[in-house]
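Input: a single structure, listed below in structure tokens.
The values are calculated or read from the model by the stated rules, or taken from the named source; none is laboratory data. In this text the structure is predicted, and so the values were computed from the model without any measurement. Cβ atoms come from the backbone with ideal geometry, glycine included; neighbour counts cover every protein chain shown.
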């Protein structure tokens, strides 16, 4: 497969997983999608915002307001029990975004199945990651047990079970 075809397939899978993640944050449950960033570029020219997390949300219900961002990653499988979430510089970009905007960032990681129906789903707080390479064991506590149930907010944290 040529590089361009591989990039297009990768982009297509990424978008499919992003669409899947948005279904877990329904508007009727108080979630408002504020930004949905695309990975658009041409010959090395890209918007600075493409370095930031894919999705940015506001949650409002009663007197509770909460802002957060989600970077969506889908992987077909583990390799030797581990997954490389992203390149190291990308992890630093997400950390800088979280620090500068003063909002938490989560990594939504789908593994296996298909991008629009992953076999496993993890909602990992960025501040719990010390590396871009993570083991299945390390992320097991962030596994969403009922994948079809929407996410929710409790005590200013995005919750998943």
Check: Looking at this structure, is residue 126 within 15 Å of residue 25 (Cβ to Cβ) and in contact with a strand residue (DSSP E or B) (Cβ under 6 Å, 6 or more places away or on another chain)?
Finding: no
Next item on the list: Please verify whether region 18-36 includes one or more residues that are over 22 Å from residue 114 (Cα atoms), surrounded by 12 or more Cβ atoms within 10 Å (Cβ to Cβ) and modelled with pLDDT under 75.
Entry: no
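Conditions (1) assigned to a loop (DSSP other than H, G, I, E, B); (2) modelled with pLDDT of 95 or more, marked per residue:
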| position | (1), (2) |
| --- | --- |
| 57 | no, yes |
| 69 | no, yes |
| 83 | no, yes |
| 92 | no, yes |
| 108 | no, yes |
| 130 | yes, no |
| 141 | no, no |
| 148 | yes, no |
| 158 | no, no |
Check: Looking only at residues in region 131-154 that are without any contact (Cβ under 8 Å) to a residue 60 or more places away in the chain and within 18 Å of residue 98 (Cβ to Cβ), which one is surrounded by the fewest Cβ atoms within 10 Å (Cβ to Cβ)?
Finding: 131
Check: Which of the residues spanning region 114-130 are free of Cβ contacts under 8 Å to residues at least 40 places away in the same chain and loosely packed, with under 15 Cβ neighbours inside 10 Å?
Finding: 119, 127, 128, 130
